[in-house]
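Since the structure comes first, as C-alpha cells, the remarks are kept for the end.
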Amino acid sequence: MSTACAVLFYDTYCRCMEREELIELGKIIKSKRESKGLTQMELAAKSGVDRNYVGMLERGERNPSYLSLLKIAKGLGIPVFKLIKP
C-alpha cells in the first residue's frame, strides 16, 4: 500500500469513528430528552438553541462544542457528564 493510500485509509477510518461517536452522543441526547417527555422544540427552548440544531445533534450531524453540551444538559436538567458515555 502506498503512503498516499495509507493516509487516505486512516483519514477515512478516523472520520468514520468520529461519526459513530457523534451518532452515539445523539442517541444519548434523544433518550434523555424523551425520558423527560420533551419535544425537540421544548428542549431547544429550555437550552437556548435552535430546534433544528437539536435535531442535527440527535442524528449525529453536528459536533457540538462544550458550551453547547452545557446548554443541552441544562435544558435537560442533568449534569453534562451524563451526556457522555462511560
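Key figures for this structure:
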| item | result |
| --- | --- |
| Estimated FRET transfer efficiency when R0 is 35 angstrom, pair Thr39-Arg19 (beta carbons, to 0.05) | 0.85 |
| The stretch 17-86, relative contact order [Cα under 8 Å, separation at least 6], % | 38 percent |
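Since every read-out is calculated from the coordinates, none of them should be taken as a lab result. Predicted, not measured: the structure shown is a model, and the values here were computed from it. No Cβ is skipped: glycine too gets one built from the backbone with ideal geometry, and neighbour counts run over all protein chains shown.
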